Amino acid sequence: MTRFLGTAAVLALAVGTAQAQARDPGADAPVSYDVSFPNAVHHEARISVTYRDLKPGTVEFRMARSSPGRYALHEFAKNVYSVTATDAKGRPLPIERDDPYSWKVSQQGGAVTVTYTLYGDRGGGTYSQIDPTHAHLNMPATFMWAKGYDDRPIRVTYHPLDDWKVATQMPAAKGAANTYWAPHLQFFMDSPTEISDFRMRTWKVPAANGKDYTFRLAVHSEDDAAAVDHFADMLKTLIQQHFKVFGGPPPLDFGTYTFIADYMPQISGDGMEHRDSTFISQPRSLADGDYSQINTASHEFTHAWNVERLRPQGLEPFDFTRADPTPSLWFAEGFTQYYGPLMIRRAGLSSTDHYLKQLGGTLSYIINAPGRHYGSPQEMSLRAPFVDAATAIDPVNENIFTSYYPYGAVVALALDLTLREKYGKTLDDYMRHMWLRNGRYQTDYAPAKPYAPKDLQAGLAELTGDKAFAERFFAATVRGSVLPDFAPLLKPAGLILREANPKAGWVGASRVDAKDGAVLLGEIPAPGSPFYKAGLDRGDRIVSIDGRKLASADDWKAALEAMKPGRAVTVVYRNRAGEQRATVTPDADPTLEIVRAEAAGGTVTPAQLAFRAAWLGK
């Protein structure tokens, strides 16, 4: 393994690992959970939680309404039922309900045990899934807690079925089988647990304190051992690139980092970061496509620094009773989105052309996104509670939102290329600077210096020594919606930004819903586009284009392919007011791509190749 040198990195890790000396609370833990699966075939778990040394009076037990790594409300209480409460002697206690999220128990001091049934059948980063093959438990979706006792240590004991084992970031309790502990509620709720007959792979990584960290991969899938080995080998190669960005491994709280991966047909596709672990899920084989599986891992592992320890205000401490907003998701999620594929490229797990194709798609989407006209990256970050797996039954105008994931990734690209060309710095330098400035300070297994947007701007000014540049960049591109001209920014790397399909026509919408011989427009056309100006809207039936009747998705596809920029077509469609006819003149397809100059028939200089290698790796 590579040793990572440098006094700054050593200092960062030394400070980062300083924690309150929490210990296993033992068999008489002030908070203890017991989890069994007597009815797994019907997706149920039976859970008990005991709180000891309670203050006299009413204790309010709650289920969460939000979950770390998600930014919208999720009503986990809807899956809890058959709730009972007893005192320390097992005598029943009355339960009062006056809201959907809590159960209030009156007692006279001592202990209360609440027992309930949990239903869970969505396997992903936010919810829980229980079936005869496994139990994946996301803690806020699974566990009640008592309000006002968040700082108490916790123990949890599982009763697995058959040959199930337990994978979690929580340390194992001594002398108790399948029992784990957490220093407080915040750590516990951020510790997803997989219980199944998974395959485990482990390896060591040197830490700055002279000791080794243990990395683990727990894979629950129907794949053979060779596929798991291959995934583990890719992870070993990949994470070395992350270490180079931040100066070494993240300061792991208990010396262990766990990748939990579910690749099962009943699972939901997802990836979710946690403080000392990552959860990855896909409803397919682990062997089906190296890049997609490693891309999720790369994104989520970047979060071990950016979000879990270098953490925005608004997410620290996490409030489980409401949505947790922050205007900094363009950095927390967007910059992470930029680094995920970049680390794969630098690790040699993807080609330069593959990387550029993906990067070009992201850049094209953001440059052409109508949502940029309705809000900045900061504004889009604050809309996360409405879009991050949030549900609503009323339609929304999809054109007013641009995801902070690719939006932030494009901001990161602009900043990275600008720093390299004008300041002799890199985005890696900026991330390390912010890590040393805010992220390395950890207290009681939590960030001690969460940042605000002003800290991100101040950090850029400190790195470049150019306060005016930092102010201009944040005012225009973070608080505003102005993007730089990317063509000259890409040129020093010998890369060309160009139209991908200049001879193709574009009307501002391409998705349709085709069924029963009808073709219905599946999206609101982009504002200002030919279809938008013609008056077409989502749900309108497109009857014909230039006299050609449309009855299937293939008909629609053929009509689109026949369109040419500047050549008018007649569109007949039906909306709520009846049949309409419009003359539509397609624009040129605005889709962009990034290509190597030499692949486009040009030449590159040694300086351009050196710039490219320093950025993307050799």
| remark: Rounded to 0.05, the calculated FRET efficiency for the beta carbons of D513 and A27 at R₀ = 51 Å is 0.30
| message | For I542, I260, which order do you get if you count the other beta carbons within 10 Å of each Cβ and list the fewest first? | response | I542, I260
| With the contact rule set at Cα under 8 Å and sequence spacing of 6 or more, what percent relative contact order holds for segment 505-588? | 32
| note | For the table K204/K422; K422/K454; K467/K618; K78/K147, the rows whose alpha-carbon distance is greater than 30 Å are K204/K422; K467/K618
| task | Loop only per DSSP, at most 12 neighbouring Cβ atoms within 10 Å: give me the trypsin sites (Lys or Arg not before Pro) in segment 17-82, ordered by residue number. | result | R23
| query | What is segment 386-473's relative contact order, in percent, from Cα pairs under 8 angstrom and six or more apart in sequence? | reply | 17
| Expressed in nm to one decimal, what extension gain is obtained for the pair E421 and N178 from 0.36 nm per residue of sequence separation less their Cα-Cα distance? | 82.1 nm
| task | List S376, S351 from most exposed to least, where exposure is judged by having the fewest other Cβ atoms within 10 Å. | result | S351, S376
| Ratio Rg/Rh, restricted to segment 505-588 and using Cα atoms, in which Rh is the Kirkwood radius | 0.91
| What are the ³J(HN,Hα) values, in whole Hz, obtained from phi via the Karplus relation 6.51 cos²θ - 1.76 cosθ + 1.60 with θ = phi - 60°, for each residue of segment 261-271 in sequence order, with x given for Gly and Pro? | 10, 10, 10, 10, x, 8, 7, 9, x, 6, x
| Considering only DSSP beta bridges whose two residues both sit in the chain, what percent are antiparallel, to the nearest 5? | 80
| Per-residue HN-Hα couplings for segment 378-389, Karplus 6.51 cos²θ - 1.76 cosθ + 1.60 at θ = phi - 60°, whole Hz, x for Gly and Pro? | 5, 5, 5, 4, 6, 8, 3, x, 8, 10, 7, 6
| field | Positive-end residue of W556, A369, V80, charge dipole of the chain with Cβ unit charges | value | A369
| query | What longest region of the chain stays clear of GluC sites (Glu not before Pro) that DSSP places outside H, G, I, E and B and that have at most 14 other Cβ atoms within 10 Å? | reply | 223-618
| query | Summing Lys, Arg as +1 and Asp, Glu as -1, what charge do residues with Cβ under 12 Å from the Cβ of M343 carry, M343 excluded? | reply | +1
| request: May I ask you to evaluate 6.51 cos²θ - 1.76 cosθ + 1.60, the Karplus curve with θ = phi - 60°, for each residue of segment 121-129 and list the ³J(HN,Hα) values in order in whole Hz, giving x for glycine and proline? | output: 8, 10, x, x, x, 10, 10, 10, 9
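Only the coordinates and a few stated rules stand behind these numbers; no lab work does. On a predicted model such as this, the values are computed, not experimentally measured, just so you know. Neighbour counts are summed over all protein chains in view; Cβ atoms, including those assigned to glycine, are modelled from backbone coordinates with ideal geometry.
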